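The values are calculated or read from the model by the stated rules, or taken from the named source; none is laboratory data. All values derive from a computational prediction rather than experimental measurement. Ideal geometry is used to build each Cβ from the backbone, glycine not excepted, and the neighbour counts take in all protein chains shown. Accessible surface is based on the protein model in full, side chains and every heavy atom, while ligands, DNA and RNA are left aside. Shrake-Rupley method; radii C 1.70, N 1.55, O 1.52, S 1.80 Å.
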Amino acid sequence: MIHSASFRSSIFSSLLLVSLGTSLFAAEPATTLPERFRDVKMYSFSKTDLKDSSLILVRTKVRNEGKKPLDVHVTLDANDNAGFSGSEFKQQLAAGAEVEWSWRFRPPTAFRREVLRGTVSFGGKLDRDLFVALQAENPAGLELYSGTKIRHLDSIKDKAAVVATYLPRRPESVRASRRARKQTVPVMTLATKGVSKYRIVLPEKIGPSGKSGQPIAEMLAAQNLGDSERQFLQAVADLQNCLKVQSSTELPVVAAADSAAPAIRLREDSSHSLRTKWGHPDAYSLSTERNGNVLIAAETLDGLRHGIYGLLTDHLDCHWFQPGKIGEEIVVPADRTVRLPELQEFVQPSFFSVGGVSWGSSRDWDCRNRSLINRGRMAFGHSWFGYLNNGDHPYDKFPDMYARDRQGKVLKKDTAAGHTNFCSTNPEVIDIVARKVNAAINGNKETLVVSLDPEDYSPMCLCDRCLALDAKYGQTRQDGTEVADRLLHFSNEVYQRLNPENKHVYLGILIYGYQMELPISAKAHPHHAGMICNFPPRYDHTRPINDPTSEMNRDFLKLVKGWGSLLKQLGYYDYYGHWYYFGPWGMVHKMREDLPVFRELGGTFLMLEAQPNFASQGINHYIASRLAWNLDEDVDVLLDEFFEKYYGPAET
């Protein structure tokens, strides 16, 4: 896909550079393709030739980030409109090696923009297309967006510049990956043309009360179902429905006491002997047995839910591309026979917690795509108004409790966009907050995190006590716009006041706004959680966060690395559907790189503000949901399936 995001950054994404290797040349010829898409990256940097102002010099860095050597051959075709005569690059690259390929172009007088096209082969096998976007200098008088504490995209001051380099896999390469993935040998038949010996056996805790074969719809209609129970039963209903659509066979749902084989057995096993095995509350195992049973086991009902959708999506070709029936695609075998290969899988999610992929618009869709992880419990946001506000502590009676300017005036902000902050160094305020946090937790072991985050871009306190605390940690700014040290101190003060039975909880503060920059010397306690926000007005969403050609993203990557080294729980907050952009907003090229990089740098959970613009941005939601569960998914294969199965004959 090709995406457009701004005048400065072209329709293409740049792919990225991480650590440098020491060996440049491969010890032996490489004849295989990269194992992962992100193993090979190219970045282009351009500048005007100092001796000839009409000539643009380009350096393209070519990097092998994989674990095996690659024989790389790149061609870039001539383009008269850009004044480019073509170029070629051949090199054997060892794992971790990087080389630089130099080329040039001489844009004509009327040049505005152009895209150079080429190909990339590995070991003589054509695998990728190559696109290099060129753009002329900014027209006179062009005003780029800027705002308070928000940086604009860089302007182009040379006669022309390379603004992006993109090397997507060719369709035939992606289809080859899909074919290879399907090369499994079926060993059992679950159902065929209305006939099956199988049943679905529920775990003991949630089995039909005294009624074997009770319709799943009746079970879902039962009163007082918890979220985990309802979502698990919905997964069972989806399993039953998918098999019926594919084979015209409705498998009965029976109680755990029914031991007759064969069956799809759903086993909740939280015994002590297995507890260390699971490792994550949503992990599951999926296996086939010699007697014909299919066993899905997990420590929790949520794990069993994931296991059911793992069976349906990964092995039975059932997909939920968008919410509702319009997004459901259950592939029906030509002979209406549902088969399975031998399975022995232990599966757990890539992140500790994930929420927000549908922004709360479709919890069933989140569950079906396994993007509601650990119930999305590591979520927090602006919260100070809930602890202390003008309603219970009026400004005129308690001015010292609120953020004040240097003259002692309360810095009021009571709008739809946020509220007035309190003074986080006031001892009485700290006691009030700690008391309310203790009351909110109340010994509940299910509570993972409580928010201590300030109001959204509301002014921070500038009283003598607050500025003295800033200075103690080495912060010399006195305008309240860099307060990470102050807030870590506040988090420590509250945590020290927690009751012993509540100290399992994390205290969360967003890495956003005035607390974005790294602390100077304050230390986080082990139960402090941060969530770094990739805010669109401040950072470049046309390129991945680790793209060295983006100055803004170089700054963001530095922050991710720094906070990742400081915190045991670091979350990532990004926007894959957004009210800034109601039309198509292509983020796939970015998220496929951002999310793995984030985890590699210490990230542990996701809270995505993927506002539900499914009609125009649904591809973002779908790919984000799949990567949230498994960062090793082949994104190109997911896209190919999406276009083929969701759009059908209209995919091209």
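Span-like helix criteria (full DSSP H runs; alpha carbon extent of at least 27 Å along the helix axis; mean Kyte-Doolittle hydropathy of at least -0.5) are satisfied in the chain by 227-247. Going by Cα centres, segment 237-258 and segment 274-304 are how many Å apart? For segment 237-258 versus segment 274-304, the Cα centre distance is 19 Å.
The label point for Glu446 and the one for Glu100, both projected 7 Å from the Cα toward the Cβ, are 5.8 nm apart.
For the chain, averaging the sequence separation of C-alpha pairs within contact (under 8 Å, six or more residues apart) and dividing by the residue count gives a relative contact order of 12 percent.
Across the options Val560, Gly530, Ser458, the greatest Cα extent toward the positive end of the charge dipole of the chain (unit charges at beta carbon of Lys, Arg, Asp, Glu) belongs to Val560. Measuring with a 1.4 angstrom probe and ignoring ligands and nucleic acids, Asp485 comes out at about 10 Å² accessible. Contact order for segment 432-557, expressed relative to its length and based on alpha carbon pairs under 8 Å spaced 6+ residues apart, stands at 26 percent. Loop-located trypsin sites (Lys or Arg not before Pro) in segment 554-629 (DSSP state other than H, G, I, E, B) with a sparse environment of at most 16 neighbouring Cβ atoms within 10 Å: Lys568. Taking a straight line from the alpha carbon of Lys157, these lysines sit under 18 Å away, with near neighbours fewer than eight places off in the same chain left out: Lys47, Lys51.
Where only protein heavy atoms count, and the probe is 1.4 Å, what is the accessible area per residue for the chain in Å²?
In whole numbers, the chain has 43 Å² accessible per residue.
Top to bottom by accessible area (1.4 Å), largest first, where do Ser121, Ser616, Ser53 land?
Descending order: Ser53, Ser616, Ser121.
Using the Cβ of Phe84 as centre and a radius below 10 Å, the other residues enclosed give a net charge of -1, where K and R count +1 and D and E count -1.
Measuring gaps between exposed loop sites in the chain (GluC sites (Glu not before Pro); DSSP loop; at most 12 other Cβ atoms within 10 Å), the longest gap, sites not included, is 144-445.
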